[in-house]
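The values are calculated or read from the model by the stated rules, or taken from the named source; none is laboratory data. Every value quoted in this text rests on a predicted model; they were computed, and no experiment measured them. We place every Cβ from the backbone using ideal geometry, glycine too, and count neighbours over all the protein chains shown.
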Ligand SMILES: Cc1cc2nc3c(=O)[nH]c(=O)nc-3n(C[C@H](O)[C@H](O)[C@H](O)COP(=O)(O)OP(=O)(O)OC[C@H]3O[C@@H](n4cnc5c(N)ncnc54)[C@H](O)[C@@H]3O)c2cc1C
């Protein structure tokens, strides 16, 4: 189909199928990350998900047999463009479409893809990521959770920490040690298992903003069939690193058809122009340094989005590489700078925790500002991204 025709048909279909309430900024609690344990509070979100999933457009470039639409990159970019035109919300987010799905496409067996990808594309399963441990964050390869070989299955013991959404997840993808007698990177395997498996338990951890988005996760003699091993035994470091590149990159999201991740990044939840309009009267009397900072942030945000789009158009590879760390680092910095700027504009009204002196929006913004402290840590800290850029992108000596 030629691209103009594809654009026209896409536009028509979106105009008649995207519910009006899905053409507004995302409201906390209304998103869908897969699974049934945490429900969206907006019923339209499910109508939108079902319609998009039926067309394969929750994961547009995945093959049709796995729930995608098999779109070529050019078609995918047109679809993104049309979704942005009507300010459509992502129909489906979460670690299924953005992390484990693309990783399974590359490393899964045919049976593993058939089992996991279609339910991910339909938003039926919520996934969580079992990587970090109390003694293994930046030094991830130091992880100690041990999966002992028992013939046709492993028995897993150990614990993970900071596991986002573990208490709502149906499945976990997990890095485990399967050989203790080799250099640390060479004794790790990548496995998946149901969070309902006997011996798996979770304990939520409260964050600085009062929410509990992540958990400690404990494994007590958890039985994992060997058919749940992704990639080869003891080659989990390669699979796990690839998944991190998907996690760290809006580019990855675009290139591997995670419209959800891509659109969230292209249309961030807190657009500066809106804020500027909102506070324009105040800004006229505000110091010129703040005005200049706000303009700098907005320019950085726009250049970031354009650079992402250009990178997708220029890249031949379907999978992301080490350069994704640049996107992760830049994005973390401008999002934090944006929230700091909002705080400066709001002054003391920006630090409301609770009580009648503050509006709901002011309280929500304060908590978001606190939560955003985590952006430079989650998915690998800023310092770790700079190390990767120095070594793997710039080729500087270790
Ligand atoms: C909101 C949030 C959600 C998360 N979700 C998940 C999840 O779902 N699953 C999961 O497995 N993990 C998750 N994490 C954990 C995250 O991946 C780790 O916190 C992160 O990798 C850092 O590890 P750490 O906390 O152990 O810090 P450490 O590794 O102890 O680092 C402490 C400090 O030392 C610095 N540092 C460490 N090593 C170096 C070095 N070599 N060079 C320079 N500086 C260095 C770091 O930058 C950091 O500032 C999440 C974290 C957050 C904040």
- Task: Select, from 132, 98, the only residue that is within 16 Å of the ligand (Cβ to nearest atom) and in contact with a strand residue (DSSP E or B) (Cβ under 7 Å, 6 or more places away or on another chain).
- Result: 132
- Query: Consider residue 33 against the criteria (1) touching a helix residue (DSSP H, G or I) at 6+ places or on another chain (Cβ under 7 Å); (2) within 30 Å of residue 236 (Cβ to Cβ); (3) assigned to a loop (DSSP other than H, G, I, E, B); (4) at pLDDT below 95: it satisfies all of them except one. Which criterion is unmet?
  - Reply: (1)
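Of all residues in the range 164-187, count the ones that are part of a helix (DSSP H, G or I) and more than 10 Å from the ligand (Cβ to nearest atom).
6
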- Out of the range 137-150, which residues are within 9 Å of the ligand (Cβ to nearest atom) and touching a strand residue (DSSP E or B) at 6+ places or on another chain (Cβ under 9 Å)? 137, 140
- Note on the structure: The helices (runs of 4 or more DSSP H) lying entirely within the range 72-144 that contain at least 3 residues which are out of contact with any helix residue (DSSP H, G or I) (no Cβ under 6 Å at 6 or more places or on another chain) are 73-85, 110-121
- A careful count of residues in the range 210-219 that are closer than 14 Å to residue 147 by Cβ and exposed (fewer than 13 other Cβ atoms within 10 Å of the Cβ) gives 0
- Query: Which of the residues belonging to the range 10-29 are without any contact (Cβ under 8 Å) to a residue 24 or more places away in the chain and surrounded by 15 or more Cβ atoms within 10 Å (Cβ to Cβ)?
  - Reply: 21
- Item | Residue that is farthest from residue 352 (Cα to Cα) [pool: residues in the range 195-209 that are within 14 Å of the ligand (Cβ to nearest atom) and surrounded by fewer than 17 Cβ atoms within 10 Å (Cβ to Cβ)] | 204
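With more than 16 Å from the ligand (Cβ to nearest atom), closer than 25 Å to residue 162 by Cβ and more than 21 Å from the chain's Cα centre (by Cα) as the only criterion, which of 361, 340 stands out?
Details: 361 fails: closer than 25 Å to residue 162 by Cβ.
Of the residues listed, the single one that is more than 16 Å from the ligand (Cβ to nearest atom), closer than 25 Å to residue 162 by Cβ and more than 21 Å from the chain's Cα centre (by Cα) is 340.
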- On the given criteria, is residue 160 under 19 Å from residue 203 (Cα atoms) and in contact with a strand residue (DSSP E or B) (Cβ under 9 Å, 6 or more places away or on another chain)? yes
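Is it the case, given these coordinates, that residue 158 is surrounded by fewer than 19 Cβ atoms within 10 Å (Cβ to Cβ) and within 16 Å of the ligand (Cβ to nearest atom)?
Numbers: surrounded by fewer than 19 Cβ atoms within 10 Å (Cβ to Cβ): no; within 16 Å of the ligand (Cβ to nearest atom): yes.
Spelling it out, it is not the case that residue 158 is surrounded by fewer than 19 Cβ atoms within 10 Å (Cβ to Cβ) and within 16 Å of the ligand (Cβ to nearest atom).
So for the range 383-392 (the condition being away from the ligand (no atom under 16 Å from the Cβ), within 20 Å of the chain's Cα centre (by Cα), exposed (fewer than 13 other Cβ atoms within 10 Å of the Cβ) and part of a helix (DSSP H, G or I)), does at least one residue qualify?
Scanning the range 383-392 turns up no residue that is away from the ligand (no atom under 16 Å from the Cβ), within 20 Å of the chain's Cα centre (by Cα), exposed (fewer than 13 other Cβ atoms within 10 Å of the Cβ) and part of a helix (DSSP H, G or I).
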- Please tell me if residue 153 is farther than 28 Å from residue 53 by Cβ and either away from the ligand (no atom under 15 Å from the Cβ) or surrounded by fewer than 20 Cβ atoms within 10 Å (Cβ to Cβ) (or both). yes
- Query: Out of (1) loosely packed, with under 15 Cβ neighbours inside 10 Å; (2) within 16 Å of the ligand (Cβ to nearest atom), the odd one out for residue 288 is which?
  - Reply: (2)
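Which of the following residues is farther than 21 Å from residue 302 by Cα, without any contact (Cβ under 8 Å) to a residue 12 or more places away in the chain, away from the ligand (no atom under 13 Å from the Cβ) and not assigned by TED's automatic domain parsing to the domain that holds residue 210: 347, 352? Spell out how you get there, then give the answer.
Values: 352 fails: without any contact (Cβ under 8 Å) to a residue 12 or more places away in the chain.
The conditions single out 347.
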- the range 367-382, residues that are touching a residue at least 40 places away in the same chain (Cβ under 8 Å) and more than 10 Å from the ligand (Cβ to nearest atom): 367, 368, 370
